[in-house]
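Report on the structure given below.
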Number of protein chains: 4
Amino acid sequence: MKRRIALISTGGTIEKTYDELSGVLSNTLVSVLDVMLASLELRGVEVQRVALMNKDSLDMTPEDHTLIAETAGRMAREAAGVVVVHGTDRLAVSGERVVALVGTPASPIVLTGAMRPYELRSTDALQNLTEALLAVQLVPPGVYVAMHNQVLRFPGVVKDRVRGTFVKDEP
Amino acid sequence: MKRRIALISTGGTIEKTYDELSGVLSNTLVSVLDVMLASLELRGVEVQRVALMNKDSLDMTPEDHTLIAETAGRMAREAAGVVVVHGTDRLAVSGERVVALVGTPASPIVLTGAMRPYELRSTDALQNLTEALLAVQLVPPGVYVAMHNQVLRFPGVVKDRVRGTFVKDEP
Amino acid sequence: MKRRIALISTGGTIEKTYDELSGVLSNTLVSVLDVMLASLELRGVEVQRVALMNKDSLDMTPEDHTLIAETAGRMAREAAGVVVVHGTDRLAVSGERVVALVGTPASPIVLTGAMRPYELRSTDALQNLTEALLAVQLVPPGVYVAMHNQVLRFPGVVKDRVRGTFVKDEP
Amino acid sequence: MKRRIALISTGGTIEKTYDELSGVLSNTLVSVLDVMLASLELRGVEVQRVALMNKDSLDMTPEDHTLIAETAGRMAREAAGVVVVHGTDRLAVSGERVVALVGTPASPIVLTGAMRPYELRSTDALQNLTEALLAVQLVPPGVYVAMHNQVLRFPGVVKDRVRGTFVKDEP
């Protein structure tokens, strides 16, 4: 029997699309998440899509982070788990916000994103979404980032901007 | 710090390659696993490759299954986990054999495979390998199959040949 | 203004699809040609699809070759050009048949195919279809194969089975 | 016997690569043309690579256009044909410059480019390069753009910025 999980999309590099007239990659109305989901075999979870916003996380306001955290905490009570797709630059801000506002959620909340848009021929987007959709079934309730073959638990996760990935901020 | 895991390859659909002169897909000397591994960002595990055999699992003998099970059990004592890439038709035979010979291994042993070769434009190979390489870090010691967004524990796992995936053989 | 050309499909490796239950590549009812056409920007030609048969060319009968040749010759009178998608093993038989039955057609007839199915991650299918759809606009009336960056004119074209391509059969 | 053609690269969208730290697509030192060439079966031409510059064509100076035109004209005397990879925004400026400086070149000069970088999952880059490398073997000496399934001859070719392609500027 499939577990029902909520998939909250907020934008970020993973969902950016290319506009050939302007020649730039940006977050537009078109979500590529549905295309990505359709390319995966999902036998473990039933996905409930929640399109919350579509922003480069560098453009997120404090209110945006709070809205994401509150929505994730609420959905964690209704579903068997929550996956949040998020820009990596401010992903850790939203992750820490969930911990600050919710503490330990009712079910696992797993954030993920990508360093390279799904639209690119070479991308980490599918790997990371695959990992988040599996980790959400395996970890105990808590707040995590799943990306690049590792699952790290908040608080204390930061983006390593040089290596382009997440690490535990060990003292 | 990365965990060292052993990746035992045995062949199967996931590794089949296309020969343009004969026009068929088969398991040959060339392994595509290295190409797949190079396309993933692996920050959680350090992979030790063990190329055990390269067979369509329909061609495996009882001795092959025993060799796979013994090798996996032995590597589970030396590494933090083991991933076995295997043809899906007889994957469950090898999984049950590990349980029969080893019981609960020293570290998690995760089997995986694919219904469609990596060489195809549309394939479940990367999804399944991604899942196995993450699950091996998250589950307690035991024998599992990770594939199609779910992790199932042996004994009692069978291939559902109609739907082309694995299910628990519930009585 | 776009030229109207006829695209006659007959099957062959280029159109083979993978069946995951049987594990083989074969010519089935599903045509991948429409997917290929949709992935190209076609500003020069307007394509009229003629789905004549869907066979591995090794299974073609003498009647099949004659039917293909007669259809191509007839369409060449109605359209500004004809492209024939064909299995490479017997492509030259159909090419020579057109010359034998039609001589110099009213507009160019360009045959093409592929050594590796479109369904494969690495394939010559799109390159060859692209070339046929361009060559048909540039060459004088005659019968040709366009594939692997070259356009060769019948009669006297044969498949080089060792190199997996077509060559002129120079005496 | 293969014809030797010169392939002059000047940059443009077709060669842009993605930098994951800055999150933008740009023309850098890395050329993707070699990757593209390696993915094609080239039986008709032998390619001589000439890496002239790597610029977004919006950044080209009048001297750049003259350098491109003179280089193409000179290579057309030494080779059986010339392909120029160029940004589409100013491609027509270089095309007209060749006609102005060289008139009818000694062998065909075919310009091409792309609206979407090769690095994207969905791109016209391979189609256009494939077409240029075939057209250069089929057309009489002259200056052309080959792209999107059509070959147009200079002078009098302009970019249609709304449709994102090239058209003849008919009076």
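The values are calculated or read from the model by the stated rules, or taken from the named source; none is laboratory data. As the structure is a prediction and not an experimental result, all values here were calculated from the model. Virtual Cβ from ideal backbone geometry, glycine too; neighbours counted across all protein chains shown. We work out accessible area using only protein heavy atoms, side chains counted, and drop any ligands, DNA or RNA first. Shrake-Rupley method; radii C 1.70, N 1.55, O 1.52, S 1.80 Å.
Any idea how many residues of region D:124-140 are without any contact (Cβ under 8 Å) to a residue 40 or more places away in the chain and over 11 Å from the mean Cα position of the chain (by Cα)? Let's see the steps before the verdict.
To start, the set of residues in region D:124-140 that are without any contact (Cβ under 8 Å) to a residue 40 or more places away in the chain comprises D:124, D:127, D:131, D:135, D:138-140.
Pick out the ones that are also over 11 Å from the mean Cα position of the chain (by Cα) and you get D:124, D:127, D:135, D:138-140.
Result for region D:124-140: 6.
Can you list the helices (runs of 4 or more DSSP H) lying wholly within region D:9-121 that have 3 or more residues being more than 14 Å from chain C (Cβ to nearest Cβ), in contact (Cβ under 8 Å) with a residue 12 or more places away in the chain and at negative phi?
D:62-78, D:91-102
Looking at region C:122-141, which of its residues are at the interface with chain D (Cβ under 7 Å from one of its Cβ atoms) and either in contact with a Phe, Trp or Tyr (Cβ under 6 Å, 6 or more places away or on another chain) or of a type in the set (Gly, Ala, Ser) (or both)?
C:Ala135
Has region D:56-66 got at least one residue that is among the small types (Gly, Ala, Ser) and modelled with pLDDT under 90? First the steps, then the outcome.
Within region D:56-66, the first condition is being among the small types (Gly, Ala, Ser), and the residues that meet it are D:57.
If we keep only those that are modelled with pLDDT under 90 as well, we get none.
Scanning region D:56-66 turns up no residue that is among the small types (Gly, Ala, Ser) and modelled with pLDDT under 90.
How many residues does region D:122-168 hold that are in a helix (DSSP H, G or I) and surrounded by fewer than 22 Cβ atoms within 10 Å (Cβ to Cβ)?
3
Which of the residues spanning region C:36-53 are open to solvent by 80 Å² or more (accessible area, probe 1.4 Å) and farther than 15 Å from C:Met75 by Cα? Break it down stepwise before answering.
So in region C:36-53, the residues open to solvent by 80 Å² or more (accessible area, probe 1.4 Å) come out as C:38, C:46, C:51.
Once the filter is applied, which keeps residues that are open to solvent by 80 Å² or more (accessible area, probe 1.4 Å) and farther than 15 Å from C:Met75 by Cα, region C:36-53 yields only C:Ala38.
Only one of these is over 30 Å from A:Phe166 (Cβ atoms), touching a helix residue (DSSP H, G or I) at 6+ places or on another chain (Cβ under 6 Å) and open to solvent by 10 Å² or more (accessible area, probe 1.4 Å): B:Asp89, B:Asp59. Name it.
Answer to the check: B:Asp89.
Any idea which of A:Ser9, A:Ser31 is open to solvent by less than 10 Å² (accessible area, probe 1.4 Å) and of a type in the set (S, T, N, Q)?
Within the list A:Ser9, A:Ser31, the selection yields A:Ser9.
So is B:Asp64 surrounded by 18 or more Cβ atoms within 10 Å (Cβ to Cβ), acidic (Asp, Glu) and under 30 Å from C:Leu25 (Cβ atoms) or not?
On the way: surrounded by 18 or more Cβ atoms within 10 Å (Cβ to Cβ): yes; acidic (Asp, Glu): yes; under 30 Å from C:Leu25 (Cβ atoms): yes.
The answer is yes for B:Asp64.
Restricting the search to region D:92-111, which residues are among the β-branched types (Val, Ile, Thr), within 16 Å of D:Pro140 (Cβ to Cβ) and open to solvent by 10 Å² or more (accessible area, probe 1.4 Å)?
D:Val99, D:Val102, D:Thr104
Take the residues in region C:142-152 that are in contact with a Pro (Cβ under 9 Å, 6 or more places away or on another chain) and not aromatic (Phe, Trp, Tyr), then tell me which one is nearest to the other protein chains (Cβ to nearest Cβ).
C:Gly142
Regarding B:Gly164, is this residue modelled with pLDDT under 95 and on the phi > 0 side of the Ramachandran plot? Quick ask: steps written out before the conclusion?
Values: modelled with pLDDT under 95: yes; on the phi > 0 side of the Ramachandran plot: yes.
In short, yes.
Any chance region B:13-22 includes a residue that's open to solvent by 50 Å² or more (accessible area, probe 1.4 Å), of a type in the set (D, E, K, R) and in contact with a Lys or Arg (Cβ under 7 Å, 6 or more places away or on another chain)?
Scanning region B:13-22 turns up at least one residue that is open to solvent by 50 Å² or more (accessible area, probe 1.4 Å), of a type in the set (D, E, K, R) and in contact with a Lys or Arg (Cβ under 7 Å, 6 or more places away or on another chain).
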